[in-house]
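Chemist: One structure coming up, written as structure tokens, with questions to follow.
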Amino acid sequence: MITRRTKFELKAPRARAHILEGLRIALDNIDKVIAIIRQIRDNRYCPANLMGGFSLSKAQADAILEMPLRRLAGLERKKILDELAELLKTISYLEDLLGNASRVLALIKQEPMN
């Protein structure tokens, strides 16, 4: 049960970290991202151009396009990087737990029986 729960708990942080990695890439290349967005007249092609220009996934490109540029370019950088760091710690802990049977057994012993 702990292994299943841990695998389930790992999905959300991985998905969010994936998006934050894309936002970090956009922040590191903000001028190029803005140029790509401005060049595209049809919004249907914009995600593809971002994906190709920066090796982003569709989900990452969509997240970049959904975020207002002032938020992406402004003070949000620190928040994004801090959140990413926390998620990476959580992911590391959960992956370590999944890879270590003795830690799983220790958790089983700690959890109350229903």
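The values are calculated or read from the model by the stated rules, or taken from the named source; none is laboratory data. Values in this document were obtained by computation on a predicted structure and should not be read as measured data. We place every Cβ from the backbone using ideal geometry, glycine too, and count neighbours over all the protein chains shown. Heads up: the accessible areas ignore ligands, DNA and RNA and are worked out on the full protein's heavy atoms, side chains in. Shrake-Rupley method; radii C 1.70, N 1.55, O 1.52, S 1.80 Å.
Chemist: Take the conditions open to solvent by 30 Å² or more (accessible area, probe 1.4 Å), part of a helix (DSSP H, G or I) and in contact (Cβ under 8 Å) with a residue 12 or more places away in the chain and apply them to Asp31. Does it pass? Steps first, answer last, please.
Modeler: Values: open to solvent by 30 Å² or more (accessible area, probe 1.4 Å): yes; part of a helix (DSSP H, G or I): yes; in contact (Cβ under 8 Å) with a residue 12 or more places away in the chain: no.
In short, no.
Chemist: Okay, moving on. Report every pair of residues separated by at least 6 positions or lying on different chains whose Cβ atoms are under 7 Å apart, first residue within region 1-25 and under 16 Å from Asp96 (Cβ atoms) and of a type in the set (Lys, Arg), second modelled with pLDDT under 95 and part of a helix (DSSP H, G or I).
Modeler: Note: pairs meeting the criteria are Lys7/Leu98.
Chemist: Another question about this same structure. Please enumerate the residues belonging to region 66-92 that are surrounded by fewer than 15 Cβ atoms within 10 Å (Cβ to Cβ) and among the hydroxyl-bearing types (Ser, Thr, Tyr).
Modeler: Matches in region 66-92: Ser92 only.
Chemist: Considering only region 49-64, I want to know if a residue exists there that is acidic (Asp, Glu) and over 13 Å from the mean Cα position of the chain (by Cα).
Modeler: To start, the set of residues in region 49-64 that are acidic (Asp, Glu) comprises 62.
Of the ones still in play, those that are also over 13 Å from the mean Cα position of the chain (by Cα) are none.
Within region 49-64 (the criterion being acidic (Asp, Glu) and over 13 Å from the mean Cα position of the chain (by Cα)), the answer is no, since none of the residues qualifies.
Chemist: Does Ala17 count as under 12 Å from the mean Cα position of the chain (by Cα), over 30 Å from Gln110 (Cβ atoms) and among the small types (Gly, Ala, Ser)?
Modeler: No.
Chemist: If Ala26 passes every condition in (1) part of a helix (DSSP H, G or I); (2) open to solvent by 70 Å² or more (accessible area, probe 1.4 Å) but one, which one does it miss?
Modeler: Against the list (1) part of a helix (DSSP H, G or I); (2) open to solvent by 70 Å² or more (accessible area, probe 1.4 Å), Ala26 comes up short only on (2).
Chemist: Tell me the residue from Lys109, Lys58 that is open to solvent by 60 Å² or more (accessible area, probe 1.4 Å) and under 24 Å from Pro13 (Cβ atoms), please. Reasoning before the result, please.
Modeler: Working: Lys109 fails: under 24 Å from Pro13 (Cβ atoms).
Exactly one of Lys109, Lys58 is open to solvent by 60 Å² or more (accessible area, probe 1.4 Å) and under 24 Å from Pro13 (Cβ atoms), namely Lys58.
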